[in-house]
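Everything below concerns the one structure shown next.
We did not get these values from a lab; they are worked out from the coordinates using the rules stated. This one's a predicted model, so the numbers in the text were calculated from it and none came from an experiment. Here Cβ is always computed from backbone atoms with ideal geometry, including for glycine, and neighbour counts include all displayed protein chains.
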């Protein structure tokens, strides 16, 4: 009899899970259709607007502005000063005002600045406009990444980042093609062709910003185009994400992992050192662990709902006779998820959380690795027309723009393929460790051969490795940093560190290197890729070590420390990734 009841309860639970997953997938498709086309279009415009100066430089910008020596490189480098300084403050403002308002505002601001670039008359004007452009664009990528991390479970994040980041690769194709077409307006109305590039691209970006104000949802819970059932299903997925991650990290089934967490035991089955007698009746560790570790975005806190999916699973496994009168477990998880988002909404800004983000080891490992990666990507995006000119010195400027189009196409396709595969494999860095050597081979070809055709093939390989690797590194910290303000800080700091590459990239390919076929620049990029590879290997080793320490109970003390901070009124933030049950993604 008990066996029959248990079987019926399990069947009902399985049906409920399947139904809710179908609802969630329907909701995710709606979210994708509302957010991804816009973000892809916006990031395409961002990269085109940012790198248009590289195309304009081959279309007489330097002559018209009377630039000489390193003045163009200096203007390009100063862009990154304001770009870097704006990234962390921008993400904090995003948390305050909401991504649906802040991101379109940034897009509108950079669109206006891009449009005004057509009025620049000299070096000083170019410097001013580039500094303002960096100020407006700096918060865009960290904002997009953080915004998506609030909408999707962590193992569905990279394919979304990969889709919109593929636009960065496509921007090279579109940018060169647009520059070729727009240059045909040269002389119309008394304006040089390169001025039309900034004028038309800036005006088009204004329209993209206005579209963002109209369609971007503030959050899953407030997405009006989703039904309540769809919102709850999405929030349920966020609710169970960390429980499932714990199960994968310990090798147990999700129910077992959840029960162990609820029962206050370590992953190796030992009792947790802090006993119930050390806590007040309402602060017993089992409930605290489930509450603080249950949510994918780490918003569990002492004030968050105590209900957990593990309670339902444990009760089902015990064959509770009243299970047929309860809602299915996943439906309760959805309700808990909705409560979780409501509880997370008023999370207050705390400098303690900012400091946690600033001193996170993974931020610095991945940030410096990303710096090396961006040195390659920025050098490629800014100077590909210049590199091609050294390979094909006799072709016209317009023909050079067309030659710059093809290398980006396979890179864009690979961005999406790798992003989907990485989410399915639930890994990030291992894919990068395979991709970066592809780019290394490309630069080795550029350094060692004299054949223009072979060098052009090397250009394809250089793009094929660098561009798909970027969404991987962008997905690491949103996955591994929990608590909204820590995550916002960590993501922005990673990008602030990485964008220091702009200072290196803008001087890697100087005009004086033209007689050497820009080999000094190629050597700088190749060295950067090797350093990135080493740092990423260290990142993998660190994550494995930290996950092993958590599995063996060596991080259980962090719960007691967190409870002390809460009791002393020093924090109201969630425990987030300090929970011993939180597992980092490789």
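Sorted by packing (mean other beta-carbon atoms within 10 Å per residue), highest first, where do 412-424, 448-460, 131-143 land? Numbers along the way, then the final one.
Values: 412-424: 19.7, 448-460: 15.3, 131-143: 24.2.
Taking the mean over residues of other Cβ atoms within 10 Å, the ranking is 131-143, 412-424, 448-460.
Using 7 Å Cα-to-Cβ label points, what is the residue 349/residue 210 separation (nm, one decimal)?
It is 3.2 nm.
Mind pulling the per residue volume of the convex hull built on the Cα atoms of the stretch 86-204? Å³ is fine. Could the numbers behind the result be given before it?
Numbers: hull volume 12.7 nm³, N = 119.
Looking at the stretch 86-204, the number lands at 106 Å³ per residue.
Order of 102, 523 from fewest to most other C-beta atoms within 10 Å?
Values: 102 21, 523 14.
Going from least to most buried by this count: 523, 102.
To the nearest 0.05, how large is the calculated FRET efficiency for residue 36 and residue 527 if R₀ is 60 Å and r is the Cβ-Cβ distance?
Once the sixth-power term is evaluated, E becomes 0.95.
Expected output is a single nm value to one decimal: the length gained when fully extending between residue 25 and residue 85, i.e. 0.36 nm times separation in residues minus the C-alpha distance. What is it? Numbers along the way, then the final one.
Numbers: separation 60, 0.36 × 60 = 21.60 nm, distance 3.84 nm.
That works out to 17.8 nm of additional length.
Zone of residue 451 (label point 7 Å along Cα→Cβ, backbone N under 17 Å): which residues in the stretch 505-528?
none
Going by how many other Cβ atoms sit within 10 Å of their own, how do 231, 352, 555 line up, fewest first?
So the ranking, lowest neighbour count to highest, is 352, 555, 231.
Sorted by average packing, counted as other Cβ atoms within 10 angstrom per residue and highest first, what order do 207-218, 397-408 take? Don't skip to the end; give the middle numbers.
Working: 207-218: 16.1, 397-408: 19.8.
Per-residue Cβ counts within 10 Å, averaged per peptide and sorted highest first, yield 397-408, 207-218.
Please list the three semi-axes, largest first and in whole Å, of the ellipsoid equivalent to the stretch 428-586, using sqrt of 5 times the eigenvalues of its alpha carbon gyration tensor. Provide the component values of the computation, followed by the final result.
Values: eigenvalues 356, 57, 24 Å².
Here the semi-axes work out to 42, 17, 11 Å.
Sort 360, 546, 19 so the one with the fewest other Cβ atoms within 10 Å of its own Cβ comes first.
On the way: 360 22, 546 19, 19 15.
Placing the least packed residue first, the sequence is 19, 546, 360.
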